[in-house]
Amino acid sequence: MAEDRIGFIGIGAMGAPMVRRLVRAGRKPVVQDVNRGAAELIGAEAGLEIAESPSALARRCAVVILMLPDSGIVERVCLGEKGLAEGLSPGAVIVDMSSSDPVRTRDLGGALADRGVALLDAPVSGGVRKAADGSLAIMLGGDDAAAMARVTPVLEAMGRVRRTGSLGSGHATKALNNYVSAAGLAAACEAVIVGRAFGLDPATLIEVINVSTGRNNSTENKVVQFILSGEYKRAGFSLPLMAKDVGLAAALADRVGRPLPGLRAARRLWSDARDALGPEADHTEIFRFIEGDGRADDAG
Ligand code: NAD
């Protein structure tokens, strides 16, 4: 059987290195981004076709991968004017690798199924570094077993695929993972701030935590590298996107009737930090917010 022609929409911090992995695996995806410069850059680098709109891309592709900021944008790209639904043929597959809202993903799946198009969710963990070396953790959810089998070899060019269950399960798993990750980062920031105030050397504190039971991904890969060094932006994951993920996990908790205290506190912390630090902040800048920068007051 001939290989499916792949389309890729959303050539940002994650999308660009993911497209490079597809190219290394011998695929030539058609690319599209609302920021045409981002698509042109990778198009020139790898000799890829650029599409003017999602519908134009859809007319050339049977499998379309999305790596977009959030569910609202994913829905517009799929169903809006010049969206994918205008161009895809029945039997096509859309793989949403963005960190989207699991409930909205299920609804979108229903709308696309009415048009004969299968939706799968396949969000990722690992950040820009693992996107670049093709070792992302990919959480694949879906209700169409044939479509899942069809896209798995494509996804394997970007990381290791783990099946999480029905449509939306990948997005739910991803939101909960990022809540745990965000909580670990905030705890590490608090430890550094309190330790420093007591007179501890932060680098020594983190070094000891990393051979002790408190270690986590943030203590190992973020605190020294991006926070203590002051190179926050190099971490490459925006604070508003992390706030979105924590909000999705908290909304899921509300929806299933388990509005637990840690999730509620994390939602408040990350949304306050987003409001204070603005759209360009990196998620590691939560340290600056917790330390006191930009915080209006501590009440409530
Ligand atoms: P990004 O902002 O760097 O990239 C998003 C891209 O989508 C941009 O190039 C933007 O121009 C494009 N875009 C926005 N609206 C569009 C539209 N209507 N049509 C076409 N293109 C459009 O974000 P990112 O860091 O690459 O994250 C993408 C997704 O991956 C998010 O859901 C994020 O939560 C998730 N994620 C990010 C990381 C990370 O470390 N950066 C890790 C795991 C998951």
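Computed from the coordinates by the stated procedures, all read-outs in this text should not be read as laboratory data. All of these numbers come straight from a predicted model, not from anything done at the bench. Don't worry about glycine lacking a Cβ; one is built from the backbone with ideal geometry, like all the others, and counts go over all protein chains shown.
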Counting only residues 5 or more places away or on other chains, whose amide H sits under 5 Å from the amide H of SER166 once H atoms are built in the peptide plane?
GLY142
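More than 25 angstrom separation, counting every C-alpha pair in segment 150-268; what % is that? Present the calculation step by step, with values, prior to reporting the outcome.
Values: 2678 of 7021 pairs.
Tail of P(r) above 25 Å: 38 percent of Cα pairs.
For THR173, what is the net charge nearby, where nearby means another residue's Cβ is under 12 Å from its Cβ and Lys, Arg count +1, Asp, Glu -1? Intermediate results must be reported in sequence, preceding the final value.
Values: positive: ARG162, ARG163, LYS174; negative: ASP121, ASP245.
Residues near THR173 contribute +1 overall.
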GNM flexibility winner over the chain from LEU68, LEU239, LEU228 (Cα, springs under 10 Å)
LEU228
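If a/c stays under 1.5 just call it rounded; otherwise compare a/b with b/c (prolate if a/b is bigger, oblate if not). Do that for the chain, with a ≥ b ≥ c from the square roots of the Cα gyration tensor eigenvalues.
Numbers: a/c = 2.07, a/b = 1.73, b/c = 1.19.
In terms of gyration-tensor shape, prolate.
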When only C-alpha pairs under 8 Å and at least 6 residues apart count, what is the relative contact order of the chain, in percent?
13 percent
Need the list of lysines near LYS222 for cross-linking: C-alpha distance under 18 angstrom, and skip anything on the same chain fewer than eight residues off.
LYS130, LYS233
Per-residue [θ]222 nm for the chain (sum of -39500 (n - 2.57) over DSSP H runs n ≥ 4, rounded to 500):
-15500 deg cm²/dmol
Under a Cβ-Cβ cut-off of 12 Å, what is the net charge of the residues other than LEU41 that fall near it, where Lys and Arg count +1 and Asp and Glu count -1?
-1
Which of THR204, THR105, THR164 ends up with the largest GNM mean-square fluctuation for the chain, with Cα atoms connected below 10 Å?
THR204
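Report the FRET efficiency, 1/(1 + (r/R0)^6), for GLU156 and VAL103, where r is their Cβ-Cβ distance and R0 is 22 Å, rounded to 0.05. Could you put the intermediate results ahead of the total?
Working: r = 28 Å, r/R0 = 1.27.
With a Förster radius of 22 Å, E is 0.20.
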Provide the FRET efficiency to the nearest 0.05 for the GLU220-ALA25 pair, computing r from the beta carbons and using R0 = 25 Å.
0.30
Among ALA182, ALA191, ALA92, the residue with the largest mean-square fluctuation in a Gaussian network model of the chain built from Cα contacts under 10 Å is ALA191
Taking the Cα centroid of segment 155-233 and of segment 26-66, what is the distance between the two, rounded to the nearest whole Å?
33 Å
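Given a Förster radius of 25 Å and the C-beta distance between ARG258 and VAL208 as r, what FRET efficiency does 1/(1 + (r/R0)^6) yield to the nearest 0.05?
0.10
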Pop a pseudo-label 7 angstrom from the Cα along the beta-carbon direction at both ALA13 and ARG59 and give the gap in nm to one decimal.
3.5 nm
